[in-house]
Amino acid sequence: MKAKPCYWAAALTVSLGTAACVQAASTIQFSATSYTFAESAGFATITVQRLSDPSTTVSVDYATADGTATNGLKYTAVSGTLAFGASETNKTIEVPILNNGFVEGTKFFRVILSNPTVGAVLGARTNATVRITDNDVGVQFQFSPYSVTEDTGTVLIGVVRGDDGMLPATVDFATADLSATNGLDYTGATNRLSFAPQERLKLISVPILNNSLKQPNRIFRVTLANPEGASLGFQKTATVTIVDNDQGFQFEFASYTITEDAGAALITVLRGTDDTNSTVTVDVATADVTATNGLDYSGITNTLSFAPGERLKLITVPILNDGIKEPTKNFRVDLSNPTGGAVLGSRTTATITIADNDPGAGFELGSYSVRENAGIIAVTVLRGNDVAFGSITLDYATSNLTATAGQDYQAVSGTLAFEQNETVKTIPIPILWNGSVSNNTSFTVTLSNLSGGATLGRASTTVNILDARGLTSRTVAPEFDTALTIRREEGVNLLTWAGGGQLQRADRPTGPWQMLMNATSPYAVQSALPTTFYRVTRPRPVNLYVPSSYDGQTPLPLVILLHGYGFNGVAQENYMQFRPLAEARGFLYCYPESTPDSTGTEFWNATDSCCDFFNTGTDDAGYLRALIDEIGRQFAMDRKRIHLIGWSNGGFMAYRMACQSADIIAGIASLAGMTFLDPGRCAPSEPVNILHIHGTTDANVPYAGGALTTTGQAAQAPANMPAYPSALQTVQYWAGYNGARDPVTDPGPSMDLTADVPGLDTVITRYANSPPSGAVELWTINGGSHGPALSSEFAPRVVDWLLAHPKR
C-alpha cells in the first residue's frame, strides 16, 4: 500500500535527535475575498480551493447571505455541500444573477463556508463578497460634451436607453441657448423621443448654421425631461460646442526652428475655411530680430494671392550658410493688409530661429560624466563642419578642480593635429580608482593655441568623476547586433548592416573614428586603402538625464518624450521643456530619436495612420521597449512608474506602446496624437493610464478625426492613408480597454495650457469610475492648434498627472 505523504508541521517535536512527522489536514477557503460580476453575466462563478493534503475525501458546506443585494431581486440564493474527491483541489459555486431594469448602482451579497468534515479545516478566506455591477443606465445622453465645427452642417446627438428595457418608453428633448444663439448659430429643436421595446439608441439631428465671421466658440445645451416607462440616467444634459472655423489669415505655427545649412525656411500661411469662394490677398514681410537680412537670411516682401478654394500657401525664405561660429539667431515674418473681405487670425507673426551649425574647433560636449571605476574616458574634439579647412593643430591640457591629478585621474597634455577635412579627434584620459572617492569630483580639459585659421569653439569641458551613488547623465542604447558585412562587387566594396546604427571609419582599429553622416545601408566604398576599418555605432543612443537626488538605491520614475514628425528629440524638449521638472520632481528623463525616412524626415512607425509613409516597417515599438529594458538594467528604475509623453506622431507612437507594452507602461500623455481607429488593432494586456490632450482647431490632426493628407507637416503622406479616430473616440476606446465608465465633463475651462489662447482654455473630461492603473482623461484645449504655444502651466500639469497615476 502506498504511504500517504507526510507534511512537516510548523513546530517540530524533537526527541533523541528524531523529528516527529505530523499529518497536515486539508485547508479549504475561497480563492479570493471578493468577486465582481456584471448584472447581465447570468451566473456568478466562485472558486473554492483545497490546500495541503489532497489525497483524502473531504467536504464543506456553503450558503449565500444578503448584503445590499436581495435574494430574488438581484440574485437567487443557493446553499449546499462541496465534496472534494482524492486529488481534487478546486470546486466552483454558481449563483444565478438576476438582470432587472432598475438604475440602482452596485449591490453585493456574501457566500459563507462552514462545517468542514473530519480531515479538513477552514482557511483564512471563509467569507467572500460578490459585487453585482449595474448595467441600467436609464435614458441619458450618449456623451456629455459634443464639439463640432460650424461648417459641419448638423450635429448628431445620441440618446441611449439601458439594455433591460422591455417596454416602450418616451422622453422629452429640448435645446437651450448658452453662448450660442438659436437662429444665428444653430436651429433649436424640441421633440419627444419614443423608444420601442428593445430599442437602445436615438439620434437627434440639430442643424448648425455657418457664417464667415471670426468669433469665439459658442455653446448650447440639450436637456432630457419627463420620462415615461423609464427613468433618467446620469447624463440628463449635454453641451454642444460650435468651434469657429473662420480663423482668417494666419501662420500654421507661431515659431519655426531650422539649421543654417537647411537652405530655406518653409513657412505655411493658412486661409480661413469659410469664405473661400473669392480671390483674396494678404501681405507678408520679413524683419530682423537678432538675425540680419543679407547675412543670415534673404528677406522677402510679397503679396500672397489665394484663389477660390485655396487654403494654404508656402513661403520660402532663403537661409544663408556661413563658416562662422555664432549664437542662435532669429528673424520675424509678419502678415498684414488682408483684402477681399478676409481678416487676420491670431497668429499673424511667426518667429524663425536659425540654429548655428559651426561648432568651430572645440569640445563636442560642455561636460562629461564617468564612474570612478571606468578606467578611461575619451573626450571628443570636433572641428567646424562648414568650411573645408586645411591641416590645423591645437593644444590640450587637464587641470584640477575638486579632483586631484595622480589620485583621481592621470593628467594629460599634448597637441591634436587635424589633417585636411578630418573632423573628429578624441583625447583619452585615464581615470584612477583608489577606493577613497566618497563624493563626486571633477577636473577640466582646456584647448588653446589653435593654428591654421580655424575658429575656437567650446574651449573647455568639465569631466565629472562620480562615485557609485551618482550620475547626472548617461548615454543609453539598447543592445543590438549590427550584422555588418563587407563584400566586393565589380571593383567596389559594398557595406551592409542592420539595426539602424551610424557607420564610422578609421585608419586604425583603435580610432580615431570619423562619422559618415550620410551613409545608409548598403554603402559603396571605392577606397583602395587596405587598412581602412569600419564599425557601426549603437542605434539611436539616448542621453538619459539623471536628477541630483538619484542615490543608486531608490527607484525613480522614468519619463520618455517622443518627438513629432519631422522633429527630433532636442527640438521636442526645447518645445515642451520637461527637463527642469525631471530635476525638481526627481525622475529619470530622456527624449530619444526616431529614424529618418527616404526624404530625410524623422518619423515614428506608430499606427497604420501615422507615419511610416514609405513602408519601412521600422520596429520602433521594439526599440523603445529595449531602451526601457536597458535603462532598467543600468539604473534603479521604478517599474511601476514608466510613462510616455508624445506630440503628434510621437503621440500616435505613445498609443502604440500602450497597446503593445501595457505590461510595462504605467501611463501615457498624448498631445494631438490618436490611437488606432480599428479597436481590433490594439489589445492591451492590462489597463494603462491615458491622458489625451487636443486642440479643437487642430488643422493637422483634427479633433474630430480624419486621415493625414498631402499638406502641412504630413506632406509626404500618400493620398490613401488609413483614418484615425476623433479625440472623443480615442478616450472612449481606451475607457473600453481599461474598463472605465461614467464620463463627466467639468462645466468650464479650468486650466491655461496655451499662451496663444487668452485666459483659461482647457476643459477636462474624466471617467469617474476607473480600475487601478486605468484612469482615462481628455483635456480639450478650446481654440488650441496642432502645435500651440505652450504656457508655463502645461509641463507641470502633464508630469504631475502621470506621476500621480502609477501602475498598481
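The values are calculated or read from the model by the stated rules, or taken from the named source; none is laboratory data. Keep in mind that this is a model prediction, so the values were computed, not measured. With ideal geometry, Cβ positions are generated from the backbone for all residues, glycine too; neighbour counts draw on all protein chains shown. Calculation scope for accessible area: heavy atoms of the full protein, side chains included, ligands and nucleic acids excluded. Shrake-Rupley method; radii C 1.70, N 1.55, O 1.52, S 1.80 Å.
Enumerate by residue number the GluC sites (Glu not before Pro) in segment 25-94 meeting two conditions: DSSP loop (anything except H, G, I, E, B), and at most 15 other Cβ atoms within 10 Å of the site's Cβ.
Numbers: sites: Glu39, Glu88, Glu94; in loops: Glu39, Glu88.
In loop regions of segment 25-94 (DSSP not H, G, I, E or B), the sparsely surrounded GluC sites (Glu not before Pro) are Glu88.
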Inset, instruction - Counting only DSSP beta bridges with both residues in the chain, tell me the antiparallel percent, nearest 5. - result: 75
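Which FRET efficiency, nearest 0.05, do Leu320 and Ser685 yield, Cβ-Cβ r, R0 45 Å? Display every interim value, and only then the final one.
Values: r = 53 Å, r/R0 = 1.19.
Between Leu320 and Ser685 the formula returns 0.25.
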Inset, instruction - Grab the DSSP H runs of the chain that are 4 residues or longer, score each as -39,500 (n - 2.57), total them, divide by all residues and round the 222 nm result to the nearest 500 deg cm²/dmol. - result: -2500 deg cm²/dmol
Legend entry - Hits among aspartates and glutamates - C-alpha to C-alpha of Lys236 under 12 Å, sequence gap 8 or more where chains match: Asp172
Legend entry - Rg/Rh for segment 658-808, where both radii come from Cα atoms and Rh is the Kirkwood radius: 0.96
Inset, instruction - Return the distance in nm (one decimal) between the two label points of a simple spin-label model at Thr70 and Ala262, each offset 7 Å from Cα along Cα→Cβ. - result: 7.1
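Over the Cα atoms of segment 748-808, what is the Rg over Rh ratio if Rh follows Kirkwood? Write out the running numbers ahead of the final one.
Details: Rg = 12.8 Å, Rh = 12.6 Å.
On the Cα set of segment 748-808, Rg over Rh gives 1.01.
I want to verify the translational diffusion coefficient of segment 145-295 in µm²/s; compute it with Stokes-Einstein, Rh as the Kirkwood radius over Cα pairs, at 20 °C and 1.002 mPa s.
Values: Rh = 19.3 Å.
Reported coefficient: 111 µm²/s.
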Legend entry - Inter-label distance, nm, simple model (7 Å from Cα along the C-beta direction), Val570/Thr181: 5.3
Legend entry - Total charge dipole magnitude, the chain, about the Cα centre, Cβ charges on Lys, Arg, Asp, Glu only, Debye to nearest 20: 2280
Inset, instruction - Identify all aspartates and glutamates with a Cα-Cα distance to Lys807 below 13 Å; exclude those on the same chain that are fewer than 8 residues away in sequence. - result: Asp638, Asp663, Glu686
Inset, instruction - List the trypsin sites (Lys or Arg not before Pro) within segment 164-213 that fall in a DSSP loop (any state other than H, G, I, E or B) and whose Cβ has at most 14 other Cβ atoms within 10 Å. - result: Arg200
Inset, instruction - Any chance you could look up the accessible area of Thr496 with a 1.4 Å probe, heavy atoms only, rounded to 10 Å²? - result: 30
Legend entry - Per-pair calculated FRET efficiency, R0 = 56 Å: Ser336 and Thr446 via Cβ, rounded to 0.05: 0.65
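Given 0.36 nm per residue, what is the gain on full extension from Gln215 to Asn769 after removing their alpha carbon distance, in nm? Don't skip to the end; give the middle numbers.
Details: separation 554, 0.36 × 554 = 199.44 nm, distance 3.65 nm.
Fully extending the segment from Gln215 to Asn769 adds 195.8 nm.
Please report, largest first and rounded to whole Å, the three semi-axes of the ellipsoid equivalent to segment 228-354, where each semi-axis is the square root of five times an eigenvalue of the C-alpha gyration tensor.
Details: eigenvalues 323, 86, 22 Å².
Values for segment 228-354, descending: 40, 21, 11 Å.
Take the solvent-accessible surface of the protein heavy atoms, probe 1.4 Å, and return the percent of it on the chain that carbon and sulfur atoms account for.
53
Taking the inverse of the average 1/r across all pairs of different Cα atoms in the chain, what Kirkwood radius in Å do you get? Walk me through the intermediate numbers first.
Working: mean 1/r = 0.0315 Å⁻¹.
About 31.8 Å for the chain.
Around Gly72, with a cut-off of 14 angstrom between Cβ atoms, what is the net charge of the other residues, counting Lys and Arg +1 and Asp and Glu -1? Walk me through the numbers before you get to the answer.
On the way: positive: Lys74, Lys107; negative: Asp66.
Once positives and negatives cancel, what remains is +1.
Quick check on segment 539-578: take the gyration tensor over C-alpha atoms, sort the square-rooted eigenvalues as a ≥ b ≥ c, and tell me if it's rounded (a/c under 1.5), prolate or oblate.
Details: a/c = 2.92, a/b = 2.09, b/c = 1.40.
Because a/c hits 1.5 or more and a/b exceeds b/c, segment 539-578 counts as prolate.
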Legend entry - the chain, relative contact order [Cα under 8 Å, separation at least 6], %: 6
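What is the gain in length, in nm to one decimal, between Glu583 and Thr290 on full extension, counting 0.36 nm per residue of separation less the C-alpha to C-alpha distance? Show your work: numbers first, answer last.
On the way: separation 293, 0.36 × 293 = 105.48 nm, distance 3.13 nm.
Value of the extension gain: 102.4 nm.
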Legend entry - Positive-pole candidate from Pro318, Ile219, Gly552, dipole of the chain, charges at beta carbon: Gly552
Legend entry - Cβ-Cβ FRET estimate between Val744 and Ala636, R0 fixed at 51 Å, reported to 0.05: 0.85
Inset, instruction - Taking a cut-off of 18 Å between Cα atoms, list the aspartates and glutamates near Lys74, but don't count ones fewer than 8 places away on the same chain. - result: Glu39, Asp66, Glu94, Glu104, Asp134, Asp136, Asp163, Asp164
Legend entry - Zero-based 10 Å bins, Cα pair distances in segment 534-671, whole percents: 12, 45, 34, 9, 1
